[in-house]
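Here the structure is laid out as structure tokens; the discussion comes afterwards.
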Amino acid sequence: MTTRLTTRTRLAVRSLVVAVAAGVLPLVAATAPAEAAPYCGIRWGSLPKSVSTMVRGPVTNVRSGQHACYDRLVVDLRGTAPGYTVKYVTNVYTEGRGTVVPLRGGAKLLVVVRAPAYTSTGSPSYLPRSQANVVNVTGYRTFRQVAWAGTFEGQTSLGLGVRARLPFRVFTIQDARSARLVIDVAHRW
């Protein structure tokens, strides 16, 4: 009996060696190539995002927050959700004048809100205390600076300096009397 088991074991090992040499075993045992899982499940990409709807707004506040997987910028508005354009650019320019807005960071996001930062009478509805630092993003993992680029002819622009060109998403939230434009930028790919 011991001799038969040894013979069977030898035959099994030989069959295994032949299968590996012939390339049959890898076809059976191999699975799809290992693919790195996306960071925090994020699959946003870094291409421009845009919605063309213009609204009367107006912009009432700009704020930011930190999350486990991304940094967030929120633009608050009175009324309905605005259209927007958010995209990576070489430089951000002021509305109307066209002067360069200096931004810290390895990449620059232009945030255009299709709503004014003034009321129907022309009074400012939002005016940042510091145009160079609209919100304090010190210590954020991705954001380096949020700068005011102005409001002109019914739209408002901000420059968002980020650590590098990273994936981002943009969406709006509508409440009964207000809306929010939300920009999330991932901490990494």
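The values are calculated or read from the model by the stated rules, or taken from the named source; none is laboratory data. If you're wondering where the values come from, they're calculated on a predicted model, not measured in any experiment. Backbone-built Cβ (ideal geometry, glycine too); neighbour counts: all protein chains shown.
So here's what we get for this one:
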| item | result |
| --- | --- |
| Filter pass, Val111 being assigned by TED's automatic domain parsing to the domain that holds His67, closer than 16 Å to Thr60 by Cβ and of a type in the set (A, V, I, L, M, F, W, C) | yes |
| Matching residues in region 42-67 - criterion: being of a type in the set (Gly, Ala, Ser) and touching a residue at least 24 places away in the same chain (Cβ under 8 Å) | Gly45, Ser46, Ser50, Ser52, Gly57, Ser64 |
| Candidates Arg165, Arg188 - the one that is outside any strand (DSSP E or B) and either more than 19 Å from Gln66 (Cβ to Cβ) or over 18 Å from the mean Cα position of the chain (by Cα) (or both) | Arg165 |
| Identity of the residue in region 83-98, surrounded by 16 or more Cβ atoms within 10 Å (Cβ to Cβ) and in a loop (DSSP other than H, G, I, E, B), that ends up modelled with the lowest pLDDT | Glu95 |
| Residue satisfying condition, being part of a strand (DSSP E or B), surrounded by fewer than 17 Cβ atoms within 10 Å (Cβ to Cβ) and out of contact with any Asp or Glu (no Cβ under 8 Å at 6 or more places or on another chain), within set Ser120, Ser50 | Ser50 |
| Test: residue in region 66-82 that is part of a loop (DSSP other than H, G, I, E, B), out of contact with any strand residue (DSSP E or B) (no Cβ under 7 Å at 6 or more places or on another chain) and modelled with pLDDT of 95 or more | yes |
